[in-house]
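Comments concern the structure below.
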Amino acid sequence: MLTVYTVLVGAYEVNCYLVADDQARALVIDPGADEAEVAAELHKQGLTVAGYLLTHGHMDHLCALNPLHKRFPAPVGLAADDAGWAFTPLNQLPPYPRPIRPAGEILDVAAMPVWTAGGPVCRIIPTPGHTPGGVCYYFEQDGLLFSGDTLFAGSVGRTDLPGGNERQLGLSLRQLVKLPPATRVFPGHGPATTIARELRSNPFIAT
Ligand SMILES: [Zn+2]
């Protein structure tokens, strides 16, 4: 049984999720851009970091990765298609600082069907469209999906940013809505939802 803690971080109000197993080992999904807030929540809940999983490379989701990784080293997963530009000036937008690449290897999650590099195990579903290297993390046993900026409650990710692709996003969403209807969906921004609710009421998802 996994426990999900949500930390709202940064100017764009990204949801950083801490997904912890019963031994208090946590995956940090999208550290966002406020390492102090994330570190405080880890401390408050008594969690150790088992890994950092990025849904995609945008700066609002990963500026705090390097400072957190320095304090709490653990494996990092980010699709290679996004890791190529995520730590360059292309990904710098005020008020965010320039994202700095953490030391060590970055695991290409788009090429891994399952995350087994540390902490809770999850399936990795490549969902390009919002960015070329977007992925979602699916914890099948617990019925949890971390959808990044691909799927939101009542909306979907924008495709007008560099590397965005509307057709690909449509194909990615088609994959997600095949998941069990009771799956709880935790997006990169805004409230949590379920696949069933999005199938019923999300105007961007054709049923
Ligand atoms: Zn994004």
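Each reported figure results from applying straightforward, stated rules to the coordinates on display, with no laboratory input. Please read these numbers as outputs of a predicted model, since none were measured by experiment. Cβ sites come from the backbone with ideal geometry, for glycine too, and all protein chains shown count toward neighbours.
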- PRE reach from LEU161 (point 7 Å along Cα→Cβ): which of the range 178-199 fall under 15 Å by backbone N? 187-190
- Where does the charge balance sit around GLY104 when Lys and Arg score +1, Asp and Glu -1, over other residues with C-beta under 15 Å from its C-beta? +1
- Here the relative contact order (percent) of the range 87-194, from C-alpha pairs under 8 Å and at least 6 apart, is 21
- Message: Which one, THR127, THR48, THR116, has the greatest fluctuation when you compute a Gaussian network model over the chain with C-alpha springs under 10 angstrom?
- Response: THR116
- Query: In the range 128-194, which trypsin sites (Lys or Arg not before Pro) are in a loop and have at most 16 other Cβ atoms within 10 Å, using DSSP for the loop call?
  - Reply: ARG158, LYS178
- Rounded to the nearest 500, the 222 nm mean residue ellipticity computed for the chain from DSSP H runs (n ≥ 4, each -39500 (n - 2.57)) alone is -6000 deg cm²/dmol
- Query: If you average 1/r over all unlike Cα pairs in the range 3-201 and invert the result, what Kirkwood radius do you get in angstrom?
  - Reply: 16.4
- Average Cα contact separation per residue, the chain, under 8 Å, 6 or more apart, as relative contact order %: 16
- Item | For the chain, built as a Gaussian network whose Cα springs stay under 10 Å, the top-fluctuating residue of PHE72, PHE186, PHE87 | PHE72
- Note on the structure: Here, THR48 and ALA103, labelled 7 Å along Cα→Cβ, have an inter-label distance in nm of 1.9
- the range 7-63: GluC sites (Glu not before Pro) in DSSP coil with no more than 16 other Cβ atoms inside 10 Å: GLU13
- Query: Of CYS136, CYS16, CYS122, which is the most mobile in a GNM of the chain whose springs link Cα atoms less than 10 angstrom apart?
  - Reply: CYS122
